[in-house]
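Some notes on the structure that comes next.
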Amino acid sequence: MPENVGFVGVGRMGANLARRLKDCGWPITAVFDLNTGAAQSLAQELGSTAASDLKVVTALADVVFTVVTDDSAMKNIYRGGLLSRAKGKLFINCATVTPAIHVWVEQKCEAKGAQSLEACMASSITQAREGSLYLMCGGKNEAFERAKPILEKLSTALRYLGPAGKAAEAKALVNMVMNCNTAALAEGMGLGAALGLDLTMLREVFAQTGANSSVLRTDGEDMQNREHSCFFSAAHAAKDTGIALKLAREQGLNLPLAVATKKQYDWMVKDGLGDLDKSGVAELTFKGRKGHPL
């Protein structure tokens, strides 16, 4: 029988993971979010309990997914009652946080007789709902094997990368390179527009040459049309690039492209554009738009 599943953090990603698992036959027994309205709405939709306390999630679920925003949020939930009577439970952590936090979570869980696994998502909202995520996992192999039946329903590509923290390292690099590519594409599109080039034609040229990338497919047309509905926010782009830069500093490496990219996304956040999709970085590069401040 499928294990009972709980969710902590039911924003766009968490909610769609829960919906997907419900469709696949997993009982979603409890959901929790600081946005109580979101939790109550999803609980009603899925026939689960909207928990007012983290302890309730752990009590009602065998497997708990956490999909929160950052290191601070992860520490808050694990210190805030999530590990109450957690023996035998499995905690699957999907947030993009520093590798050190995943190591810390694993230590906290094991001290309570529980298991933890990082399941880093290299995809977006649509893939979460469809079960076609690319998932990178880190932690003890036993935890990975226990989680596999669930994670296989959420992904079309499931990879085990090793001990706790390793998947988070890879995810940080994925997002760093993606964000650099997005910023570079915005500059190319912005310059193309300034030169009077037809941007649809330019995107087609890019797609057939060394300028091609996955962000050209996902973000190029949106940059052209100023359509920045959020799938991966500029604020998250800034945060995640910062995680990679912290890792680089620890290794004594200088990553000037990543530094410049983070400045772009930091400016968006400072200027009130942090809730736009990362494609909104084009607002800093096209003439007649926001204008580049740096």
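The values are calculated or read from the model by the stated rules, or taken from the named source; none is laboratory data. Quick caveat, the model's predicted, so the values are computed rather than measured. FYI the Cβ positions are ideal-geometry reconstructions off the backbone, even for glycines, and counts take in every protein chain you see.
Only one entry of Gln264, Gln224, Gln208 meets the criterion of being under 20 Å from the mean Cα position of the chain (by Cα) and either under 16 Å from Ala172 (Cβ atoms) or not aliphatic (A, V, I, L, M) (or both), and that entry is Gln264.
Condition first: farther than 25 Å from Leu199 by Cα, aliphatic (A, V, I, L, M) and surrounded by fewer than 22 Cβ atoms within 10 Å (Cβ to Cβ). Can you find one or more residues in region 270-286 that meet it? No, because not a single residue in region 270-286 is farther than 25 Å from Leu199 by Cα, aliphatic (A, V, I, L, M) and surrounded by fewer than 22 Cβ atoms within 10 Å (Cβ to Cβ). The listed residues are Ala86, Ala50, Ala18, Ala73, and the only one of them that is over 22 Å from Glu152 (Cβ atoms), under 22 Å from the mean Cα position of the chain (by Cα) and either at pLDDT 95 or above or of a type in the set (D, E, K, R) (or both) turns out to be Ala73.
Scan region 62-69 and give yes if some residue there is at pLDDT below 95, over 17 Å from Phe7 (Cβ atoms) and under 17 Å from the mean Cα position of the chain (by Cα), otherwise no. Within region 62-69 (the criterion being at pLDDT below 95, over 17 Å from Phe7 (Cβ atoms) and under 17 Å from the mean Cα position of the chain (by Cα)), the answer is no, since none of the residues qualifies. Of note, Lys246 does not satisfy the criterion of being in a loop (DSSP other than H, G, I, E, B) and either in contact (Cβ under 8 Å) with a residue 12 or more places away in the chain or not assigned by TED's automatic domain parsing to the domain that holds Ala186 (or both). Note on region 170-205: among residues that are touching a residue at least 24 places away in the same chain (Cβ under 8 Å) and more than 22 Å from the chain's Cα centre (by Cα), the one that is farthest from Ser124 (Cα to Cα) is Ala194.
Within 20 Å of Ile28 (Cα to Cα), more than 15 Å from the chain's Cα centre (by Cα) and in a helix (DSSP H, G or I) - does that describe any residue in region 156-168? No, region 156-168 contains no residue that is within 20 Å of Ile28 (Cα to Cα), more than 15 Å from the chain's Cα centre (by Cα) and in a helix (DSSP H, G or I).
Taking the numbered list (1) under 30 Å from Ala59 (Cα atoms); (2) in the same structural domain as Phe232 (by TED's automatic domain parsing); (3) of a type outside the set (D, E, K, R) in turn, Leu154 passes all entries but (2). Going by what's in this entry, would Phe206 be described as aromatic (Phe, Trp, Tyr), crowded, with 18+ Cβ neighbours inside 10 Å and assigned by TED's automatic domain parsing to the domain that holds Leu247? Yes; evaluated as a whole, the condition is true for this residue. Taking the criterion of being of a type in the set (Gly, Ala, Ser) and either in a helix (DSSP H, G or I) or surrounded by 14 or more Cβ atoms within 10 Å (Cβ to Cβ) (or both), the residues of region 249-269 that qualify are Ala258, Ala260.
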